[in-house]
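Notes to accompany the following structure.
A short reminder: the numbers here are calculations on the coordinates, not readings from a lab. Predicted, not measured: the structure shown is a model, and the values here were computed from it. All Cβ positions, glycine included, derive from the backbone under ideal geometry; neighbour counts span all protein chains shown.
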Amino acid sequence: DLDLAAGGTTKVEVQDPFAMMSDLCMHSKTYGDLVRTTHQSKPSSPSSPWQVCLYSDAITPGNQLAQVNARRTQTMYWTVLDFVMQLLCDEEAWCEFTICRSTVVQSIQGGMSGLFASFLKHCWSHEGHNMLSGGVFLKFPTGYSIRIFLKFGMKVADESALHSAFCCKGSSGLKCCMLCQNVIDAKNRRDILVDDTSWA
């Protein structure tokens, strides 16, 4: 359940990362081998967890130039950064978290930022399961089993999606960019406000 900007809540369906990873290891030889070989070369532990990468983007099926496009959707995918880099270029290494109509996302408190926060809360909850402290137990068809630990590592998206996820200044943002260096002091006509660290 996600809070709506106008009050109340709405339900957004998600694909549980714990269950998906477990199911893939048990039923997909390719994915299972990928997880096993990665764990052998870089064992996952609470002190050395693997990193999760989250990707989001908008998809517009049909006529992308239509004035009103109610079919536009927001998608979120995730993968493990510790997998071999060449494999991260393959869509088979990525799992969906959610696919949600843009009209629904716009009604959620925080918009895409609220949806992004729901992913973080779902995977690293202090009240529910936490991938970093509790880990994820994975079984393979051979009977082999491991427990891996994951932490959030990176958010990948195009410029518009990044601004939406972090609610910062840009094509669809509300606040100044996290790395903004072009803050202007219009009153005193100074080009840039610079602090002691040279970042404004």
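Averaged over residues, the count of other Cβ atoms within 10 Å places the peptides 159-166, 138-145, 22-29 in the sequence 159-166, 22-29, 138-145, highest first.
Ranked by the mean number of other Cβ atoms within 10 Å of their residues, highest first, the peptides 106-112, 6-12 come out as 106-112, 6-12. For the range 118-139 and the range 1-57, compute the distance between their C-alpha centroids and round to whole Å. Distance between centres, Cα-based: 9 Å.
Rounded to the nearest 0.05, the FRET efficiency derived from the C-beta distance between residue 3 and residue 63 at R0 = 45 Å is 0.90.
The alpha carbons of the range 28-166 occupy a box of 53, 33, 25 Å along the principal axes, longest dimension given first.
Distance between the 7 Å Cα→Cβ label points at residue 92 and residue 71: 2.9 nm.
Using a simple spin-label model with pseudo-atoms 7 Å out from Cα toward Cβ, residue 125 and residue 33 lie 3.6 nm apart. Put a dot 7 Å past the Cα of residue 45, heading toward its Cβ, do the same for residue 132, and the two dots end up 1.8 nm apart.
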